[in-house]
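Chemist: Before I ask anything, here is the structure I am working with.
Values in this text are rule-based calculations from the coordinates and carry no lab data. Since the structure is predicted, the reported quantities are computational estimates derived from the model, not experimental observations. Cβ atoms come from the backbone with ideal geometry, glycine included; neighbour counts cover every protein chain shown.
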Amino acid sequence: MAQPFRLSRGGRIDRSRPIVFEFNGKPIHGYQGDTVASALIANGIHLVGRSFKYHRPRGILSHGPDEPSALLSVDRGPGRVDPNNRASVVEARAGLRTTSQNHWPSLEYDIGAVNDLLSPVFVAGFYYKTFMWPRKFWDKVYEPFIRAAAGLGKAPTQADPDRYANRHAHCDVLIVGAGPAGLAAALAAARTGKRVILADEGPEPGGSLLHDPKAEIDGRLASDWLADTLADLDARENVILLPRTTVFGYYNHNHVAMTERVTDHLPSVAGQAPRERLWQVRAGEVILAGGSHERPLVFADNDRPGILLAESVRVFLNRYGVAPGHRLVVATSGASAYQVALDAKAAGLDVTLVDLRLEADCGPEVTRLRQVGVEVLTGHTVVGSKGRKRVSGLIVAPVESNGRCGARRVIPCDCVGMSGGWTPAVHLFSQSRGKLRYDDALDAFVPNISAQAERSAGAARGTYDLAGCLTEGFAAGAAASGSSETRTFGASPTLTGFQPVRVMPTDADPTRVRAFVDYQNDVTAKDIKLAVREGFQSIEHVKRYTTTGMATDQGKTSNMNALGIVAGQLDKALPAVGTTTFRPPYTPVTFGALVGPARHALFDPIRTTPIHGWAESHGATFENVALWRRAWYFPKAGEDLHEAVARECKAVREGVGIFDASTLGKIEVVGPDAAEFMNRMYVNPWAKLANGRCRYGLMLKEDGYILDDGVVARVSDQCFHVTTTTGGAARVLGHMEDYLQTEWPDLQVFLTSTTEQWAVIALQGPKARQVIEPLVEGIDLSPEAFPHMAMRTGTICGVPTRLFRVSFTGELGFEINVPSDHALAVWEAIFSAGEPHGITPYGTETMHVLRAEKGYIIVGQETDGTVTPDDVGMAGMIAKTKVDFVGKRSLARPDVIATTGRKQLVGLMTEDPKLVLDEGAQIVADPNQPIPMRMLGHVTSSYWSPNCNRSIALALVADGRALMGRTLHITTPDGFTRATVSEAVFFDTKGERVNA
Amino acid sequence: MLEVRYRTARTLPLGRVEVRPSGVSIRPADAEARFVLRVRSTEGEVAGLPLDRPINTVSGDDRRWIARLGPDEWLIGVPEGEADLLQTSAASDLAGRAHALVDVSNRNVGIDVEGLRAAELLNAGCPLDLGDAAFPAGKATRTLLGKAEIVLIRRAGAQARYRVECWRSLATYVHGFLQEAGMGIGEG
């Protein structure tokens, strides 16, 4: 309960609602409204982790999203463990278990801290230099070491039990950041009635107003102004105010991505609410009012716990009512830190201020601070700090007129607030592809030329004073919403302006000084200077070589310091060195938010047929075909794939089998020019196909290679029922529509997908006719009246059907098309009618074997996008008299009509009949030829054929048709095996059975 | 046996059970008849349903509706019992004009989504602006819901009432997605 560093009053925490959470197993007491960081500080805890590379003790540097050091593992319950949470943004609540990272055995005593002593080894580019050192060191030393050291925190091992939601939204004005500028912008835009979304990453809108309780706006306390403004916005239907929502990505066409943390801050969640929600906003206009980040000062041992950014000290004091220490030294090169010192003094802290600026360069802030009794040392640098796990003193020295440091002085302290100036948060502007401009007076890059409908306001574009932020924000809001309203705000003055400094002047040997620039990746000023000495001049190269700015904080605190050091070393102006590119996400985003609902059953649609449930209940094993899930085989008790397929194959050839072919693509081609259209799309002739007859259609791409195939029935003069492959359905429809709309708009033809209107029950085998005879009405099933490759309409079990007499097995067969919602009933009726005949359900594997026994090709298996009709022996199907069809001209290409060398479809009979070749196996004429051997082709299909009682294979072989009877050699996992080239048909070679 | 099977009721993939996550009603529609009409000219009516309304609008009422999805493409919905009648009237209304009227009653599955936060729920997977100005009552369009293609129709009336039409094999996914989305709009 103690909270020794909690101030007795003040702050926006709710002191009537105490909370307890855990840090490294110990209870931490705080209040509703605390962050984990503020509660830890209230309990005097600053040491919260070990640094990434050197395992140096690290504390809390910041109060906000830019925190590089205080990264904790947060456990919110079983399965809900996240590493690398910034203590400064995690809201404290009952039940949280937080732990520090990157140490062993404990935070206090960390073996890895030996790295700190070895730091001369881990210089800039250490990783790259390992490549140059002895080769044998790599496997045994470097790689294991680097692997063990890589990464920060432990990845969760359990599946994430939380729900993540997704939401698309549209608005006229999206405002990023609900600080003074963003709020003023929202006020202006809201009044126009336009749709406004105001998103802020914090739990409470207000930005800097939340820690500026004495500021006044238009003569009123800022906190009152804030409350009224929020009430005004909240009451408007056209405004969506989103706290806890981080805008992390700015994409094309003002497509902006943000994550809303919905329930993490709640101690208990009502059942089904999501943890986070990913918002994808399409905004007419975007206003970037994301504020700015304070720069640390770069001096020796500037990373000790207890050393914070100055403004963060102020935030902890004013917003959370906690003192980061009792004895505070503020080290600064600018004016804003004087306000920190003033507030700290008012809160009862013992305060000293050290300013790098000469007294003459400072403003009235010096006098003001001295008036309240604070010692102010102007013209002083910081050359180091004392302490290890907590700062115990700051070493300062006057900078003399010759640039040398004077006598050192140690100021005892338990807390340091440092300020090296401010950097506008231009991350999102940069992501939007806007062009930055370097502003000398601000010593910062600021938004210049917008690439999208977007504008920045307030500190995000370098306007730091409160009145300026409000006025500028309002103007931006008005402009973005097309309003001409203007408004100026009066506000209490803000202390602004700073003297840019890259590295604090020091009297120490700069090659020995450990002054951190990038806290998260442990990059020192020395590392950056070394990189420049080793020849790196581009900031992009320095960044990759030293890893500065490459941690998850993307260098929010470090980029400008690093850039300044490089520019200084190269003696170039800062803009000449350029700035690095900011990429999404602005701050880390959970995988869950990105995945959203797309997991488990909703990962991808699983398409099933109306007969799927029947197959499931009859024990089918399934396989995925495109997005479809198809019955693969129907094992009986104890059967494996091989046995089940052998049984199914026999059953079809000897009795009757039933197969769900519903996934076949179907297109209804209708119109006066339907036949002409078919003529142009397929190689086959269609004009003379009689109504009620079918034809196997072969479709090419423009390049003359096979695109798809399928049986087509002519329903009437102006209507064709086209079938496509399962996987090709959408592609073929798109291909057809493409031609119809762009090449032949004159043709009166309409295409409609009927894939799912018709379920297809394939009934195949010598007894197929007997099975359906009693069920069919209105169709004469006799072979004379209803021959192979015919289609009739009638009813089956009273259900209207398009009954096809076709076969993909080589047996007498029917494909019964019925409306999908009736398919299960019809299937069940056929099945029970077939039971006396031993009807056997079969799956896709048996279908594949049966068609391979007959040498029927499967597009995508026998073809691979480089196969012509002649290659698979189908040249005879090409209509000779047609003027044109898609692919016709390509069939005259020299490489296509080449008399030798083209790969042709043949059969392969292995010498060992029991050996089933591997599909994809390569084929050579002589296995003893020198490597690289000449490949003749490859095996496209290979199965055990129960009906042939041996293995069979189809293959594409160069000049294969001229090699009949020849022995070829095919690769196996162990070497080569021998097979004889045969015709690509293995069963019923005369093809008599289909006509039964 | 033929008589037993004759007139078998359609087996709808989703059943008809309503769920109400976050107060939005998600209810699979009854067996309806639907047709895709393709014709180049927009004069006149088909079975009393107008063709000349703007693209991406729906006309008619909840029972008999026609959604114009493209310059020459309409999706028509009528009660199942009126399917034959519609085909007959269409044939005479469109006599002499090249057209296609294809029965897709069994291809399409309808799901009605209604309630104050229905648009928000749909926006979980539909990237369109469903605000009253951009997508008022009477709008209809082909769009996406998550990874599935749907036709989205906003029924007449001030209340937010939507019809989602998808293909049969995607119905399980679409229905599951809508329910998940309903839970995703919890806690504000």
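Chemist: Amide H to amide H under 5 Å from A:GLY937: which residues, 5+ apart in sequence or cross-chain, H placed 1.01 Å off N in plane?
Modeler: Those lying under 5 Å, H to H, from A:GLY937 are A:ILE923, A:ALA958.
Chemist: Another question about this same structure. Within 10 Å of each Cβ in A:162-172, how many Cβ atoms from other chains are there, averaged over the peptide?
Modeler: Mean shielding by partner chains, rounded to a whole number: 5.
Chemist: Also: Would you mind computing, in nm to one decimal, how far apart the modelled labels at A:ALA879 and A:ASP974 are, each placed 7 Å from Cα along Cα→Cβ?
Modeler: So the two model labels end up 5.4 nm from each other.
Chemist: Hey, what angle do you get for helix A:180-190 against the long axis of chain A, alpha-carbon based, 0 to 90 degrees rounded to 10?
Modeler: 50
Chemist: Which residues does a label at A:THR866 reach in segment A:928-971, if reach means a backbone N under 14 Å from a point 7 Å past the Cα toward the Cβ?
Modeler: Flagged as within label range: A:935-939, A:956-959.
Chemist: For A:ILE449 and A:VAL123, calculate 0.36 nm times their separation in residues minus their Cα-Cα distance, and state this gained length in nm to one decimal.
Modeler: Contour length minus Cα-Cα distance gives 113.5 nm.
Chemist: Based on other C-beta atoms within 10 Å, arrange A:MET877, A:MET681, A:MET791 from fewest to most.
Modeler: Ordered from fewest to most neighbouring Cβ atoms within 10 Å, A:MET877, A:MET681, A:MET791 come out as A:MET877, A:MET791, A:MET681.
Chemist: What is the angle, in °, between the Cα long axis of helix A:641-654 and the longest principal axis of the Cα atoms in chain A? Nearest 10 is fine, range 0 to 90.
Modeler: Taking Cα atoms only, the helix is inclined about 30 degrees.
Chemist: Let me know the Kirkwood hydrodynamic radius for chain A, please, with Cα pairs as the basis and the value in Å to one decimal.
Modeler: Computed over Cα pairs of chain A, the Kirkwood hydrodynamic radius comes out at 34.1 Å.
Chemist: Now, a different point. Dipole magnitude of segment B:25-184 about its Cα centre, charges +1 at Lys/Arg Cβ and -1 at Asp/Glu Cβ only, in debye to the nearest 20?
Modeler: So the magnitude is around 300 debye.
Chemist: Ranked by Cβ crowding within 10 angstrom, fewest neighbours first, how are A:CYS171, A:CYS415 ordered?
Modeler: The order, fewest Cβ neighbours first, is A:CYS171, A:CYS415.
Chemist: A further question on this structure: For segment A:898-995, give the magnitude of the charge dipole about the Cα centre (Cβ charges: +1 Lys/Arg, -1 Asp/Glu; no others), in debye to the nearest 20.
Modeler: Its charge dipole is roughly 240 debye.
Chemist: Please name whichever of A:TYR128, A:LEU7, A:SER62 sits farthest to the positive end of the charge dipole of segment A:1-128, dipole taken about the Cα centre and charges placed at Cβ: Lys and Arg +1, Asp and Glu -1.
Modeler: A:LEU7
Chemist: So for segment A:640-695, what are the equivalent ellipsoid semi-axes in whole Å, largest first, each being the square root of 5 times an eigenvalue of the Cα gyration tensor?
Modeler: Equivalent-ellipsoid dimensions as semi-axes: 37, 13, 11 Å.
Chemist: Based only on other Cβ atoms within 10 Å, what is the fewest-to-most ordering of A:HIS848, A:HIS326, B:HIS99?
Modeler: Ascending number of Cβ neighbours within 10 Å: A:HIS326, A:HIS848, B:HIS99.
Chemist: Taking beta carbons within 10 Å but only from partner chains, what does the mean come to for residues B:165-177?
Modeler: Taking all residues of B:165-177 together, the mean is 6.
Chemist: Quick check: residue separation of A:GLU204 and A:ARG731 times 0.36 nm, minus the Cα distance between them. What number comes out in nm?
Modeler: Here the segment from A:GLU204 to A:ARG731 would lengthen by 184.6 nm.
Chemist: Computed FRET efficiency, Cβ-Cβ of A:GLU983 and A:ASP895, R0 30 Å: what is it to the nearest 0.05?
Modeler: 0.70
Chemist: Can you bin every Cα-Cα distance in segment A:889-996 into 10 Å intervals starting at zero and give me the percent of pairs per bin, rounded to whole numbers?
Modeler: All Cα pairs, binned at 10 Å, distribute as 15, 43, 28, 13, 2, 0 percent.
Chemist: Going by Cα centres, segment A:251-298 and segment B:12-69 are how many Å apart?
Modeler: Between the Cα centres of segment A:251-298 and segment B:12-69 lies a distance of 37 Å.
Chemist: Here is a follow-up. 7 Å from Cα along Cα→Cβ at both A:HIS600 and A:LYS389: what's the point-to-point distance in nm?
Modeler: Using points 7 Å along Cα→Cβ, the separation is 4.4 nm.
Chemist: Further question on the same structure: Of A:VAL239, A:ASN691, A:ASN995, whose Cα points farthest to the positive end of the dipole of the protein assembly as shown (charges on the beta-carbon: +1 Lys, Arg; -1 Asp, Glu; origin at the Cα centre)?
Modeler: Working it through, the farthest residue towards the positive pole turns out to be A:VAL239.
Chemist: Taking the Cβ of B:SER25 as the center, what net charge do the other residues with Cβ under 13 Å away carry, scoring Lys and Arg +1 and Asp and Glu -1?
Modeler: The answer is +4.
Chemist: Could I ask something else about it? Just how large is the dipole of the protein assembly as shown about the Cα centre, in debye to the nearest 20, putting +1 at every Lys and Arg Cβ and -1 at every Asp and Glu Cβ?
Modeler: 2340
Chemist: Right, something else. Suppose R0 equals 25 Å; then what is the FRET efficiency for A:GLU216 and A:THR367 from their Cβ-Cβ distance, rounded to the nearest 0.05?
Modeler: Efficiency computed from Cβ-Cβ geometry: 0.70.
Chemist: Where does chain A land at 222 nm, in deg cm²/dmol rounded to the nearest 500, when only DSSP H runs of n ≥ 4 count, each adding -39500 (n - 2.57), divided by all residues?
Modeler: The helix contribution divided over chain A gives -6000 deg cm²/dmol.
Chemist: When the chain is fully extended, how far beyond the present Cα-Cα distance does A:ASN624 get from A:ALA925, taking 0.36 nm per residue of separation?
Modeler: Using 0.36 nm per residue and subtracting the Cα-Cα distance, I get 104.8 nm.
Chemist: Which three numbers, in whole Å and largest first, are the semi-axes of the equivalent ellipsoid of segment B:1-124 derived from its Cα gyration tensor as √(5λ)?
Modeler: 28, 23, 10
Chemist: Provide a whole-number value for the mean count of partner chain Cβ atoms within 10 Å of the Cβ atoms in peptide B:37-45.
Modeler: Average per residue, whole number: 2.
Chemist: Another question, then. With label points built 7 Å along Cα→Cβ from the Cα atoms of A:ALA155 and B:ALA158, find their separation and express it in nm.
Modeler: It works out to 5.4 nm between the two label points.
Chemist: May I pose another question? Put +1 on the Cβ of every Lys and Arg and -1 on every Asp and Glu Cβ in chain A; which of A:SER481, A:VAL90, A:ILE667 then has its Cα farthest towards the positive end of the dipole?
Modeler: After comparing all options, I get A:VAL90.
Chemist: Dividing the convex hull volume of the alpha carbon atoms of segment A:1-154 by its residue count, what do you get in Å³ per residue?
Modeler: Roughly 130 Å³ of hull volume per residue.
Chemist: Can I ask one more? Tilt of helix B:83-93 relative to the longest C-alpha principal axis of chain B, in degrees (0 to 90, nearest 10)?
Modeler: 50
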